[in-house]
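Engineer: Here it is, the structure in full.
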Amino acid sequence: MAFIADLHIHSRFSRATSKAITLPHLARGARDKGINVLGSGDFTHPQWREELRSQLVLDEASGLYRLTAEAGEAAGLPAMAAGADAGDMAEALPLFCPQAEISSIYKRHGKVRKVHSLVFAPTLDDADHISQRLGRIGNLNADGRPILGLDCRDLLELVLEASPRAVLIPAHIWTPWFSLFGSKSGFDSLQDCFGDLSPYIFALETGLSSDPDMNRRISALDGHALISNSDAHSTANLGREANFFSGTPSFDGMFGALRASAARCPDPQGACEFLGTLEFCPEEGKYHLDGHRACNIVLEPQESAALKNICPICGKPLTIGVLHRVLELADRETPPHDLPHEPQARPVIPLAELLSEILGAGAQSRKVQERHAQLLRTLGPELHILSILPETAIGAHWDVLGEAVSRMRRGDIIRKGGYDGEYGSARVFAPDELRRMRNGPLLFFTQKQGHEEVSEKTPPEKNASAEGLKRPSPDAPCWRAPYVEEADRSDKDAALTGEQHAALTVWPGPALVLAGPGAGKTKILVARLQWLLERGEDPQRIMAVTFTRRAALEMRQRLASALPGHPSPPRCDTLHGLAFSILSRRQPQISLLSEDEAFALFREANGSLPRRKQRALWEAMSLAGESCSTLAPETALHAERYRQRKAASPGLLDYQDLLDFLKKHLREQPPGERPLHVLVDEVQDLSPMQLELVRDMLPPDGKGFFAIGDPDQAIYGFRGARAHCEEALRLFWPRLQILQLGKSFRAGQGVLALAQTLLKGRGKCGKLTAAKSLPCRLDSFVAPDDRFEAATIADNIKNLLGATSHTLLDRRAAHSLEEQFSPGSIAVLVRLKSQMPLLRAALEREGIPCLAPALEEKAVSSEAAGPDWLREAEQANIKAEHVQILTLHAAKGLEFEAVFLPGLEDGILPLRRPALLGKRPGGPETDDSDISGAQQNQCDVEEERRLLYVGLTRAARRIFLTRAVNRRLYGRSLKLAPSPFLEDIRQLCHEGALVSHRRSSTKTLSLFS
């Protein structure tokens, strides 16, 4: 028994699809087309998966799914008779295979990759497992084709871990923007994309704009089955491409047949055999040839190459089509015809298109639709007519249609290639044939077959099939050699500049290097460590100190890469980490409290106090410890209660205890055991207590001290850190040497100019100069309220990411940026965590993969799941790219291509508690936990200025500054004035605004309009 399978479709929950798609409609459409097995489409979408659960039932004979009797009746299809077996039902209703499409957007080898993948699940339970895992990475509710910032290799691994029998097949592998080999964002080989998991890819979907002959020009694909599917966005497009099998339909049978076909050894005992595909003419595909739709330019690959792939009308790069890309990677002049067990590819032109040509009316016209319905009633399902029914039987019913089908089946087709989103055309009759046909009998068909006389009387249209074109010689001057991308070459791999070399070799110290944003601080510290080892210094007496564990980990990784196999590299750690490692060796039973746990214990010890008072006293106590200052009497009383509560549980320590221990340890340590060299990263972030600990490690003259930092990024005054670290260090060591690094390897000059303008020329690192010539765009806009602010940010992030499917690409606004970004290269930076939920919701509504770590921590801590779930979720998020929603403090040290900075209002940035909370003494409590007690009581405007400076300098090329006229925060409606910082920098930005209409809605304008 032969059956037809269309294994790639969509539901109404995918963007740019028909909203009339339901399972009963799909079943009716598949029956009319003659499709026996249909992909379910979009099983990752929760609502569609719920419909699959409620309207499908397991077909015991095949292991696939069919409509329930109730759903079948809704489709006007015969219901299962009592006592009937599954085979009876299969004749009336198609079987469904759980299937979804995933849009992966991520960065690999310095290039944004957009690759679509088909995922097939053996059962709906497996679909649940896969969706559950994917749901921890991105939002599955916003789009039936979800956008994930997950590398295709990691996606494949996740799918196989969730369901070992599941299958992943790269979708429409040649389309320019969204595919494995696409000219805009794809790879040159399967291995480049899937790495060590490439053997699990045994089939490839060729897409509408290519066919198996084109693909077989690439010998590397010989070991893969080539399948074709409709990628239908409406029921009308079902089966425009499909697959032929013989045998009994089943999940394992179909994919087992594809594996056997890939291995070119079909199993005679197998339940299924892959026979071939029904092929939409590739020239009809929207991206077959090269061109520019806006300029009405369509070109063959050789013509494009002669123009260096530049449009001769507008001077912009052409959209390189599928044929061009195939020829770039081809290593054969023509498709081989001797490959063993090669499935057959049969050309198919949709029946409505044939009728449109014959009747001289549009494919959707009433005339064509009525004849189409009549043919289905008389001759059977569409694909049966087009590919199976004998031509004589069709001709006996209608001779013109019989001739049309005959020509189509033997490939005698007049083709016109599509390009840059424009469909091509495929027809079987020349215009003069149609004229004569409508004026009399078709006797000429018996006299001349094909189109020999067409070329004599009408200009021939370009036939752009792969057979019709020979690949030009690579030596021909007009032919562009296949694109080979350089691997990433970041600043850490480049040679040191003169100023960097002078800084790292300063000797013997003490030395302070003032390094602006992107100057390569970690690179210089690692180079300094290498340089010391090359001088013969003892690695056991070299210590590198960082402010955060993240920075320490990065430095250790960089050092391991720079010193592969070194038996005992220098130690890189935080001061807290150093103290804990020493103390835990002495007292193995110690237990370290997190900050939240320590505060909870403090509250227990001082339970009679109001919560706000507890927070204020806790922060005063912590600040005094970091500042080496004396506690006020009231604070000292409650600190003693906390100390006693801690002491009641032996071995319980907090972070301040670690520093107190380290201070005592260093002062007792013999000089011969202390470090000879101490290197400090981000020295401006160290508190007075931490600076004293560093001083205690070294001799009185400070020899061996080497620090690097940026005082303009000093943003931890509320923790006791001093903004003017240079002055503090000079008090320790009057002979301190100062060096400056002003060249930035991260940001473009436009970003640096904006940041320096904010500082009013008072930057401690001197003039900042961009090392790279990067185009920058700086925008600011005003929204009527915070909801519109969030929606517009989401809209513009969509523009930066670019379209996620070809249908959406064809609808893109003219103002969309041509340059596109991956999710991980975009950040939204806020002053307060309370701003995050609204922003995250706006991004999730648009299906943008995003992550707000500060909110995720709360969610995970309250999750009533086991440690396996937490570990799994953490690993999934580490692998995937997301748009990051971070506080400005948390973003320090990170780098992005584009940064959004919402909430630039006086009261938020700079932060002023009265403007936000404004409540009377004794009023109701407000959840304002993201405003620390120290911040509540005073506002250090210059530190807030430096905080904005940090936010601006996280960006390499794009900055978006936003404020809202009205905002709701902490349960209050606020109308805040613009941030005073905007007055300093707005003249460098392109300004825009959102205006509320009086009627039902407010129009959201893009920044790029």
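Engineer: Using +1 at the Cβ of each Lys and Arg and -1 at the Cβ of each Asp and Glu in the chain, identify which of His724, Pro784, Leu379 lies farthest towards the dipole's positive end.
Structural biologist: The Cα lying farthest towards the positive end belongs to His724.
Engineer: What FRET efficiency comes out for Asp267 versus Ile388 if R0 is 25 angstrom and r is the Cβ-Cβ distance? Round to the nearest 0.05.
Structural biologist: 0.55
Engineer: Which listed residue (Leu323, Leu982, Gly110) has the Cα farthest towards the positive end of the charge dipole for the chain, taking +1 on Lys and Arg C-beta and -1 on Asp and Glu C-beta about the Cα centre?
Structural biologist: Farthest along the dipole direction, towards plus: Leu982.
Engineer: Next question, about the same structure. Determine ³J(HN,Hα), in whole Hz, for all residues of the stretch 830-835 in sequence, where each value follows from phi through the Karplus function 6.51 cos²θ - 1.76 cosθ + 1.60 and θ = phi - 60°; x replaces Gly and Pro.
Structural biologist: 10, 7, 10, 4, 5, 7
Engineer: Put +1 on the Cβ of every Lys and Arg and -1 on every Asp and Glu Cβ in the stretch 540-639; which of Thr630, Ala620, Leu592 then has its Cα farthest towards the positive end of the dipole?
Structural biologist: Value: Leu592.
Engineer: If the chain between Glu983 and Glu537 were fully stretched, how many nm would it gain, using 0.36 nm times the residue separation less the Cα-Cα distance?
Structural biologist: Difference between extended and current length: 155.4 nm.
Engineer: Going by average Cβ density within 10 Å per residue, which order do the peptides 881-890, 823-832 take, highest to lowest?
Structural biologist: Order by mean packing, descending: 823-832, 881-890.
Engineer: Suppose every Lys and Arg Cβ carries +1 and every Asp and Glu Cβ carries -1, with no other charges. What dipole size does the chain come out with about its Cα centre, to the nearest 20 debye?
Structural biologist: The calculated dipole for the chain is roughly 3480 debye.
Engineer: I would also like to ask the following. Sorted by mean Cβ packing within 10 Å, highest first, what order do the peptides 553-561, 210-218 take?
Structural biologist: Packing proxy ranking, top to bottom: 210-218, 553-561.
Engineer: Using the Kyte-Doolittle scale, find the helices of the chain whose mean hydropathy is at least 0.5 and whose Cα atoms extend 30 Å or more along the helix's long axis, counting only whole DSSP H runs.
Structural biologist: In the chain, no H run is both long and hydrophobic enough.
Engineer: Here's another thing I want to ask about it. Tally up the carbon and sulfur contribution to the accessible surface of the stretch 125-236 as a whole percent, 1.4 Å probe, everything protein left in place.
Structural biologist: On the stretch 125-236, the fraction of accessible area on carbon and sulfur atoms equals 47 percent.
Engineer: Can you bin the stretch 519-607 into rounded, prolate or oblate? Criterion: square roots of the alpha carbon gyration tensor eigenvalues sorted a ≥ b ≥ c, rounded for a/c under 1.5, prolate for a/b above b/c, oblate for the rest.
Structural biologist: prolate
Engineer: Which value, in debye to the nearest 20, describes the size of the charge dipole of the stretch 299-350 about its Cα centre when Lys and Arg Cβ atoms bear +1, Asp and Glu Cβ atoms bear -1, and nothing else is charged?
Structural biologist: 300 debye
Engineer: Now for a different question. Would you please classify the overall shape of the chain from the alpha carbon gyration tensor, given that a ≥ b ≥ c denote the square roots of the eigenvalues, rounded means a/c under 1.5, and beyond that prolate means a/b larger than b/c while oblate covers the rest?
Structural biologist: Because a/c hits 1.5 or more and a/b exceeds b/c, the chain counts as prolate.
Engineer: While we're here: So if I take the centroid of the Cα atoms in the stretch 12-47 and the same for the stretch 144-177, what is the distance between those two points in Å?
Structural biologist: One Cα centre to the other: 20 Å.
Engineer: Sticking with this one: Given points 7 Å out from each Cα along the Cα-Cβ axis, report the Ser365 to Arg603 separation in nanometres with one decimal.
Structural biologist: 7.5 nm
Engineer: Something else now. Leaving out ligands and nucleic acids, and using a 1.4 Å probe, what accessible area per residue does the chain come to in Å²?
Structural biologist: For the chain, the per-residue accessible area is 41 Å².
Engineer: What whole number of Å gives the distance from the Cα centroid of the stretch 597-629 to the Cα centroid of the stretch 229-291?
Structural biologist: So the separation of the two Cα centres works out to 67 Å.
Engineer: Between Leu563 and Ala648, what FRET efficiency follows from the Cβ-Cβ distance if R0 is 45 Å, with the result rounded to 0.05?
Structural biologist: According to the calculation, E is roughly 0.45.
Engineer: I need to check one value: relative contact order of the chain, counting alpha carbon pairs closer than 8 Å and at least 6 residues apart, in percent.
Structural biologist: 10 percent
Engineer: What are the ³J(HN,Hα) couplings of the stretch 189-199, residue after residue, when phi is run through the Karplus curve with 6.51, -1.76, 1.60 and θ = phi - 60°? Round to Hz, x for glycine and proline.
Structural biologist: In residue order, the calculated couplings are 8, 4, 5, 4, 8, 9, x, 5, 9, 4, x Hz.
Engineer: While we're looking at this one, here's another question. Given the pairs Lys107/Lys416; Lys663/Lys879; Lys703/Lys764; Lys521/Lys833; Lys703/Lys760; Lys107/Lys308, which span a C-alpha to C-alpha distance of over 32 angstrom in this model?
Structural biologist: Exceeds cut-off: Lys107/Lys416; Lys663/Lys879; Lys703/Lys760.
Engineer: Suppose every Lys and Arg Cβ carries +1 and every Asp and Glu Cβ carries -1, with no other charges. What dipole size does the stretch 198-336 come out with about its Cα centre, to the nearest 20 debye?
Structural biologist: 360 debye
Engineer: Can you give me the solvent accessible area of Cys776 with a 1.4 Å probe, rounded to the nearest 10 Å²?
Structural biologist: Surface accessible to solvent at Cys776 totals approximately 50 Å².
Engineer: List the residues, sorted by chain then number, that are 5 or more residues from Thr277 or on another chain and whose placed amide H is less than 5 Å from its amide H.
Structural biologist: For Thr277, whose amide H was placed from the backbone, the distant partners under 5 Å are Phe244, Gln344, Ala345, Arg346.
Engineer: Sum -39500 (n - 2.57) across every DSSP H segment of at least 4 residues in the chain, then divide by the residue count to get the 222 nm mean residue ellipticity, nearest 500.
Structural biologist: Result for the chain: -10500 deg cm²/dmol, rounded to the nearest 500.
The values are calculated or read from the model by the stated rules, or taken from the named source; none is laboratory data. This is a predicted model, so every value here is computed, not measured. Please note: Cβ atoms are built from the backbone with ideal geometry, for glycine as well, and neighbour counts cover all protein chains shown. Quick note on the areas: whole protein, heavy atoms, side chains included, nothing else; ligands and nucleic acids left out. Shrake-Rupley method; radii C 1.70, N 1.55, O 1.52, S 1.80 Å.
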